[in-house]
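Okay, structure first, notes after.
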Amino acid sequence: MSLFKAYPALQKLIPLADIPGQQTPTPVTHSLDTPQLWLKHDDLTNAVYGGNKSRKLAFIFGKMQAEGKTRLLTFGGTGTNHGVACAVHSKALGFDCEILLFDQPQSPSIRKNLQVMQRYGATLRYCGSLLNTVLRFYTLQIRDRLLRGKQTEYLFAGGSSLQGVIAFIDAAFELREQIERGECPVPETIICPVGSSATLAGLTLGVELSGLPSRVIGVRVAPAHLGPFPACTVATVKQLMQQTQQYLLRLQGGIPPFNIPQPVLLDQYYGEGYGVASAAGEQAEQWFRNQRWADGLTVQSECTYTAKALAALRDELATASGPVLYWHTLNSVQGIYSEAEAV
C-alpha cells in the first residue's frame, strides 16, 4: 500500500485484508481522442469484481478480521454495485453477508446484480422504500448494541466508513507514485462520482496529505438524504474527513497534523432521481464510449450513475487548461455476470 510506504508505522496500526484477486495499483491511461483526458482504472481493482468498493473492502474486511467479526450487514438499492462487491468478496474471505435492499427503477443491469448477489450467497432482505431500509439498518444496529452483539459489522451504504476513506487516501498516494514514475502528468483536476461520500473524502484528504496540487471534484449521483438522514452532502463528506483525520492522528503513525480542505461536491448533474437517467448523462456516456484509450482496454459505463459523473467530466474538459483525470469507479470485470447467466 502506498500510504504505508509513506508512513511505514501505519502498516502495523491499520489492518488490511488479503482479498483474492486484488490488483493494485490500478493503471492510468489517456484518451487518444481527447488529449487532456486521463483515466484511473479503479474498474480493475480486483480480478473477480473491481470498482471502488473493492478498494474500500480491503480495509473494511481488515478491520473485521482484527476485531474477530464474522458477519457483514449493509444496504443499498436493488441493483447495488456495493452489494455485489460485498457479496463476492465476503464469500472469498468466509464472511456471512446480509444486504438490506430498497426499491429502485428496474433495468437489465439491476437484475444481473441481484442474480450475482444471490449466487454468491448473500442474504437479501427487501425493505421497500429507502426510508424503511435505513430505519431497519439503524434499528438492527441499536438492537445488537443493546444485546452486546459483537459479531456483525454494520457498514453504511457504499462502504462509507473511516476504512473506506483511508482506502482512498492510500489511492491518492498511489497516484502520486504513478506521477513520479512518469506514468501520467499531475492532474489539474480529478473527477469522481460520489454516492456515499468516502471516495471523495479520501481522495480530497489524500491529495492534501500527499502534496499533490490537484483539485478534487465529486459529482453527486445518489440522494443527498436517506429519509431524514444526510448521506451525500458537503457536510457528510467533511464530517467523514474530520473523523478520519482525528483517527489517523490518534494512531500516532507518523502523520503530522494537516489541514482539512473544503470538499467540492457538484449537485447539478443528479437529475430527477437515484438511478434515473438524464439526457446530459446519456450524451456524455455516448461520448465516453467512443473514446479510444492508449492502453487499448475497453472501459465499461452505464447510463445512470457513471453517466452523470461523465457529464460533469465533459463540461470540465471544455474549460480546463491542464490534464483532467477521471477516477473510474465502475467495475469492468464481467466474468461473474456470465457465470450468473449460465446458472
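The values are calculated or read from the model by the stated rules, or taken from the named source; none is laboratory data. Source: prediction; values computed, not measured. Cβ atoms come from the backbone with ideal geometry, glycine included; neighbour counts cover every protein chain shown. For accessibility, only protein heavy atoms count, side chains too; no ligands or nucleic acids. Shrake-Rupley method; radii C 1.70, N 1.55, O 1.52, S 1.80 Å.
Looking for something among the polar types (S, T, N, Q) and in contact with a helix residue (DSSP H, G or I) (Cβ under 8 Å, 6 or more places away or on another chain) - is there at least one such residue anywhere in the range 127-139?
no
Going by the conditions given, is Q36 farther than 27 Å from A312 by Cβ and among the polar types (S, T, N, Q)?
Numbers: farther than 27 Å from A312 by Cβ: no; among the polar types (S, T, N, Q): yes.
No; evaluated as a whole, the condition is false for this residue.
Taking the range 1-23, which residues are touching a strand residue (DSSP E or B) at 6+ places or on another chain (Cβ under 9 Å) and crowded, with 17+ Cβ neighbours inside 10 Å? Working first, answer last.
We begin by selecting, within the range 1-23, every residue touching a strand residue (DSSP E or B) at 6+ places or on another chain (Cβ under 9 Å); these are 19-23.
Once the filter is applied, which keeps residues that are touching a strand residue (DSSP E or B) at 6+ places or on another chain (Cβ under 9 Å) and crowded, with 17+ Cβ neighbours inside 10 Å, the range 1-23 yields I19, Q22.
Counting residues that are surrounded by fewer than 15 Cβ atoms within 10 Å (Cβ to Cβ), which helices (runs of 4 or more DSSP H) fully inside the range 91-197 reach at least 3?
Values: elements: 108-119, 130-146, 162-180.
Per the criteria, 108-119, 130-146.
Return the residues of the range 31-57 that are open to solvent by 10 Å² or more (accessible area, probe 1.4 Å) and either in contact with a Lys or Arg (Cβ under 8 Å, 6 or more places away or on another chain) or of a type in the set (A, V, I, L, M) (or both); say none if nothing qualifies.
L32, D33, L44, A47, V48
From the list T123, T133, which residue is within 27 Å of L265 (Cβ to Cβ) and among the hydroxyl-bearing types (S, T, Y)? Quick ask: steps written out before the conclusion?
Details: T123 fails: within 27 Å of L265 (Cβ to Cβ).
Answer to the check: T133.
Applying the selection to the range 230-262, what residues are loosely packed, with under 14 Cβ neighbours inside 10 Å and not in a helix (DSSP H, G or I)? Reasoning before the result, please.
The initial filter retains those residues of the range 230-262 that are loosely packed, with under 14 Cβ neighbours inside 10 Å, namely 235, 242, 246, 249-250, 252, 254, 256-259, 262.
Result: Q252, G254, P256, P257, F258, N259, Q262.
For the range 1-86, which strands (runs of 3 or more DSSP E) that fit wholly inside it have 3 or more residues that are over 24 Å from L330 (Cβ atoms), of a type in the set (S, T, N, Q) and modelled with pLDDT under 95? Don't jump to the end; show me each part of the working.
Values: elements: 28-30, 37-41, 71-77.
Because the criterion is at least 3 residues that are over 24 Å from L330 (Cβ atoms), of a type in the set (S, T, N, Q) and modelled with pLDDT under 95, no strands (runs of 3 or more DSSP E) in the range 1-86 meet it.
Within the set of pairs 6+ apart or on separate chains, which have a first residue in the range 61-72 that is within 13 Å of C86 (Cα to Cα) and without any contact (Cβ under 8 Å) to a residue 60 or more places away in the chain, a second that is crowded, with 16+ Cβ neighbours inside 10 Å and polar (S, T, N, Q), and C-beta atoms under 9 Å apart?
F61/S90; F61/Q163
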